[in-house]
Amino acid sequence: MRYGYYPGCSLEGISVEYDESMRRLFERLEVTIEDLPDWICCGTLAAPSLSPLLGLATPLWNVARAKREGYDRLIAPCSACLYHFKHAAKRVAENAALRAEVEAVLEMPLAAPPPIIHPLELLAADAFEPRIRGSVQRDLSDLKVVCYYGCHISRPAAVMQFDDPENPQSMDRLLSWVGVQVLDWPGKVDCCGAHFSMIKPGIVVDLCARLFEAALEAGADAIVVACPMCHANLDTRQDEIAAKLSWPLRMPVLYFSQVLGYAMGLPAERLGFQRHIVDPVPLMVAKCQQRMKDEG
Amino acid sequence: MAFRHEIEALSGHAARVNLCFQCSKCSAGCPLADKMDLQPAQVMHSIRLGREEAVLNSRAIWLCLGCETCSARCPQQVEPAAAMNAARIIALRRGIKPSVKEIGVYYRGFVDNMRLNGKIHDASVAGITQLLTGQLIESLPLAWKLVVRGRVKPPPLPLGGGRFRRLYNNVLAKEKGH
Ligand code: SF4
Ligand code: SF4
């Protein structure tokens, strides 16, 4: 299997630690990924809002490029990029005339492109379970987390065709394989406000406040995410959220790739823990030490 | 073309407006319904009634985050999110200013930034949007925290945008031809 990797713009900027930890995790699991050459931005909601054709051609440029490279799968760790790829690919797969129009704009063929997947889809498959369980080196069984999937990993089901759109389980499974206590909670697929952090931060604060309330209610030490926007919104605005809720709030927000990598013994700096606004190191160290003390 | 048909065509027939039976499940699940002037179910009904002005001038179409909760839960597979997107395109084509100004500024600035390098430089897009919408000062303390943590890269030289500009020009040529 050849895996193409599309990091996307956020993973080269505000979410660089997601990229770092994702790459370290793939190395640790001996999964070879190839960076998609010359990739362009997926266009998010901006390109389709300006022109429907631009909104299809922009993400599909990368899909056509992945096909030309001969990848069997294209991995997209940002769930917004993932959604725009899959949505556009579905539209042209269902409409040959539209596909011809987009191909003319791209100057590349689009027939039978490789499936586009989130890294969760790859790693939470049964085939990886023994390898992931067998790689654990740190005992994190005292760590209690909630898994936050956000909008697009499995929604809408007709487009994403992965996991359950209302109660997804893939991240819960993965984290339980490395021994973390995964709690159930009602916030799994609620929206964090996405790109509104740059435009209408008040809306993001409102939406994220509801998520933290639910996570605290469930008894979580941390929230684990699988999308750069979810992370940015939850990690960077806790002071404002605390002011809104009028109680102190400092809850680490980690990418699933960071938690897996940490459980597999990778050092915190290699996973980008030092880049967070809410430092997760004290929590992670305390949880590991507690266990060692209990055993010692 | 009737407004409803225009919305349906632009959404690639994902927004099947006439199938909506006004159960309002979309409004119930929408994270921004309480901030919208027309809630998603009302947008759908307004489209069917041909209340073009009301829809195109609404704040709702610009507040829509594209989270797809509405489309995922609609028992009729109507896809209100696709209708919202189509309405944004029509509004811009008719020269109607986005009623939530910041969002129009952001979308435009985003695509302009893509033209420089094919990819966006997230900090530039955020900075320019915040400058143009008068929010720059408030955002500086957070920006600084991100800089010291290595989460803001210096803007790249605008050398890599050729492939995107080519695609963009092809799109423009095609749309003019229509
Ligand atoms: S959920 Fe679907 S059928 Fe119900 S009001 Fe919304 S669009 Fe109409
Ligand atoms: S896609 Fe838009 S209208 Fe639909 S639930 Fe999300 S924010 Fe509301």
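The values are calculated or read from the model by the stated rules, or taken from the named source; none is laboratory data. Note that the structure is a prediction, hence the values are computed from the model and not measured. For neighbour counting, all protein chains shown are included, and Cβ atoms are generated from backbone atoms with ideal geometry for every residue, glycine included. For accessibility, only protein heavy atoms count, side chains too; no ligands or nucleic acids. Shrake-Rupley method; radii C 1.70, N 1.55, O 1.52, S 1.80 Å.
Provide a list, ordered by number, of residues in the range B:122-138 showing at least 30 Å² less accessible area with every protein chain present than when their chain is taken on its own, using a 1.4 Å probe.
B:ASP122, B:GLN130, B:GLN135
Only bridges whose two residues both fall in the protein assembly as shown count here: according to DSSP, what percent of them are antiparallel, nearest 5?
5
If one takes the longest principal axis of the Cα atoms in chain A, at what angle in degrees, from 0 to 90 and to the nearest 10, does the Cα axis of helix A:281-295 lie?
So the helix axis and the longest Cα principal axis differ by about 50 degrees.
Could you work out the local net charge near B:ALA72, counting Lys and Arg as +1, Asp and Glu as -1, over the other residues with Cβ closer than 9 Å to its Cβ?
Net charge around B:ALA72: 0.
Amide H to amide H, which residues 5 or more places from B:LEU38 or on other chains are under 5 Å from it, using H placed in the peptide plane?
Distant-sequence amide H within range of B:LEU38: B:ARG59, B:ALA60.
Determine Rg/Rh for chain A; Rg is computed over alpha-carbon atoms and Rh is the Kirkwood hydrodynamic estimate from the same atoms. Let's see the in-between values first.
On the way: Rg = 19.3 Å, Rh = 19.7 Å.
Reported Rg/Rh, Kirkwood definition of Rh: 0.98.
Please state, as a whole number in µm²/s, the translational diffusion coefficient that the Stokes-Einstein equation yields for the range B:3-93 at 4 °C and 1.567 mPa s, with Rh defined as the Kirkwood radius across alpha carbon pairs.
Taking Rh from Cα pairs, D becomes 105 µm²/s.
So what's the angle, to the nearest 10 degrees on a 0 to 90 scale, between helix A:201-218 and the longest Cα principal axis of chain A?
That works out to roughly 50 degrees.
Which value in deg cm²/dmol, rounded to the nearest 500, describes the helix-derived mean residue ellipticity at 222 nm for chain A, given -39,500 (n - 2.57) per DSSP H run of n ≥ 4 and division by the residue count?
-14500 deg cm²/dmol
Rg (Å, one decimal) plus Dmax (Å, integer) for the alpha carbons of the range A:166-296?
14.9, 51
What are the DSSP H helices in chain B that stretch 24 Å or more along their long axis, judged by alpha-carbon atoms, and whose average Kyte-Doolittle hydropathy comes to at least -1.0?
On the way: long enough: B:101-117 (25 Å, -0.52).
Those that pass (Cα extent of 24 Å or more, hydropathy at least -1.0) are B:101-117.
May I ask for the angle, rounded to the nearest 10°, between helix A:96-106 and the longest principal axis of chain A, with both axes built from Cα atoms and the value confined to 0 to 90°?
80
Using unit Cβ charges (K, R positive; D, E negative) and no other charged atoms, how large, in debye to the nearest 20, is the dipole of chain A about its Cα centre?
120
What is the local net charge at A:SER154, summed over the other residues whose Cβ is closer than 14 Å to its Cβ (Lys, Arg +1; Asp, Glu -1)? Kindly include the intermediate steps, with their values, before the conclusion.
Working: positive: A:LYS86, A:ARG155, A:ARG173, A:LYS188, B:ARG73; negative: A:GLU121, A:ASP163, A:ASP164, A:GLU166, A:ASP172, A:ASP190, B:GLU68.
Summing Lys/Arg as +1 and Asp/Glu as -1 gives -2.
Quick check: net charge around B:LEU167, other residues with Cβ under 11 Å of its Cβ, Lys/Arg +1 and Asp/Glu -1? Provide the component values of the computation, followed by the final result.
Values: positive: B:ARG115, B:ARG163, B:ARG165, B:ARG166, B:LYS174; negative: A:GLU107.
After counting each charged neighbour, the total is +4.
If you take the Cα Rg of chain B and divide it by 2.2 N^0.38 Å, with N the number of residues, what do you get?
Working: Rg = 18.7 Å, N = 178, 2.2 N^0.38 = 15.8 Å.
Cα-based Rg divided by the globular estimate yields 1.18.
How big is the charge dipole of chain B about its Cα centre, in debye rounded to the nearest 20, if each Lys and Arg gets +1 on its Cβ and each Asp and Glu gets -1 on its Cβ?
560
Which one, B:CYS74, A:THR32, B:ILE103, projects farthest toward the positive side of the charge dipole computed for the protein assembly as shown from Cβ point charges (K/R +1, D/E -1)?
After comparing all options, I get B:ILE103.
Suppose R0 equals 25 Å. What FRET efficiency, 1/(1 + (r/R0)^6) with r the Cβ-Cβ distance, do A:LEU183 and A:TRP247 give to the nearest 0.05? All intermediate terms of the calculation are to be shown ahead of the outcome.
Working: r = 20 Å, r/R0 = 0.79.
The computed FRET efficiency comes out at 0.80.
Pick from B:ILE47, B:ILE61, B:ILE120: which residue has the top mean-square fluctuation in a GNM of chain B where Cα pairs under 10 Å get a spring?
B:ILE120
Taking square-rooted eigenvalues a ≥ b ≥ c of the alpha carbon gyration tensor, is the range B:101-177 rounded, prolate or oblate, where a/c under 1.5 means rounded and, failing that, a/b exceeding b/c means prolate? Walk me through the numbers before you get to the answer.
Details: a/c = 4.41, a/b = 1.68, b/c = 2.63.
Oblate, since a/c reaches 1.5 and b/c is not below a/b.
Along the charge dipole of the range B:101-177, Cβ charges K/R +1 and D/E -1, which of B:PHE164, B:VAL152, B:LEU140 sits furthest on the positive end?
Most positive-ward Cα: B:PHE164.
Mean-square fluctuation check for chain A, GNM, Cα pairs under 10 Å: which of A:GLU30, A:GLU121, A:GLU103 is largest?
Evaluated over chain A, the most mobile residue of the options is A:GLU30.
If I take R0 = 30 Å and measure r between the Cβ atoms of A:ASP279 and A:ASP126 in this structure, what FRET efficiency does the formula 1/(1 + (r/R0)^6) give, to the nearest 0.05?
That gives a FRET efficiency of 0.30.
Would you work out which of B:GLY127, A:LEU283, A:ALA218 lies farthest towards the positive end of the dipole of the protein assembly as shown? Charges go on Cβ: Lys and Arg +1, Asp and Glu -1.
B:GLY127
Sorted by accessible area with a 1.4 angstrom probe, largest first, how do A:VAL285, B:VAL78 fall?
Listed by decreasing accessible area, they come as A:VAL285, B:VAL78.
Could you give the dipole magnitude of the range A:137-295 about its Cα centre, charging the beta-carbon of Lys and Arg +1 and that of Asp and Glu -1, in debye to the nearest 20?
300
Compute the Kirkwood hydrodynamic radius of the range A:25-150, taking the inverse of the mean of 1/r over all pairs of distinct Cα atoms, and give it in Å to one decimal.
Its Kirkwood hydrodynamic radius stands at 16.4 Å.
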